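Here is the structure we will look at, set down as structure tokens.
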Amino acid sequence: MGKKPIAIGYSSQIDGSGELLTYPDVYKNVTQEDVKDAIDIEKTIIHVKSLIERGYYAIAKALDEFERRRLYLARGFDTFSAWCESDDVDIGYRLAHDMLRIVREAVPALGDGVDLDAYGISKARALLPLLADENGKEKLQQAFEDTAQLTVKDTNQYVKEIRGIAKPIDEDPPAIFSGTLQRGESYHKLIIRRNGANPYSCGTLTIRVEDWPRWEERFGGFVFTKGEGSSSV
């Protein structure tokens, strides 16, 4: 039997009015044993993920031969895309198309000796849009070098930046909403508000006291359940 999940804890603080507020504290019950287990299991996940990445490049090279020789006809499919999306194969055509482009366009552009196994197929897919740009081959080569140690997410952001489509630095951050809980004898009220640069009230959610336990079970971790206060919802 596996170990129990980390229980969500609660912490309290006194607000400006002197009232005691209680709020979920997701890190309160984390133990050193949990930290050790998290590191060990995370290492396993990252290791297996790297093996999967290497496997995808092997698949990409096999797909190249399979499509080039039209071997899908020998399997009873009239098109490569139909074979890709068949029940036995189940490789999305978009993914297959990108992997063919990696083998046929990206690898030749990068030159002999490129180690895509180490670089990662997911990152290689992120670089493909560069090939459509002016001087795409040179951009791809530079990006491959610059992003060698980056994550997939950071590689995607890098590609957007050098293509001039990154988010403007002055762009507003995503909207953040909060809920203020007001307890009553017959009803509890949750006042929803949009915070940030352009705040406004979104309205009030009214819940019967007898229905509150069920509501709190489903959504209570996102709002204060004692007194009056606010937290993200």
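Bear in mind these aren't lab numbers, they're just calculated from the coordinates by the rules spelled out. All values derive from a computational prediction rather than experimental measurement. Cβ placement follows ideal geometry from the backbone for every residue including glycine, while neighbour counts extend to all protein chains displayed.
Rounded to whole Å, give me the distance from the Cα center of region 121-156 to that of region 1-30.
When both Cα centres are located, 43 Å separates them.
Farthest toward the dipole's positive end in region 33-162, which of ILE52, THR147, TYR72, given Cβ charges of +1 (Lys, Arg) and -1 (Asp, Glu) about the Cα centre?
Value computed over the given set: TYR72.
How big, on average over all directions, is the shadow cast by the Cα convex hull of region 33-162, in nm²? Working shown, then result.
Values: hull surface 40.2 nm².
Here the figure is 10.1 nm², rounded to one decimal.
Ranked highest first by the average count of other Cβ atoms within 10 Å around their residues, in what order do 46-53, 120-127 fall?
120-127, 46-53
Excluding residues on the same chain fewer than 8 positions from LYS139, give the lysines whose Cα lies under 26 Å from its Cα.
The reachable lysines, counting only those whose Cα sits under 26 Å from LYS139, are LYS61, LYS123, LYS153, LYS160, LYS167.
Of the chymotrypsin sites (Phe, Trp or Tyr not before Pro) in region 13-120, which ones lie in a loop per DSSP and count no more than 11 other C-beta atoms within 10 Å?
Sparse-neighbourhood loop chymotrypsin sites (Phe, Trp or Tyr not before Pro): TYR27.
Taking a cut-off of 30 Å between Cα atoms, list the lysines near LYS4, but don't count ones fewer than 8 places away on the same chain.
LYS28, LYS36, LYS43, LYS49, LYS226
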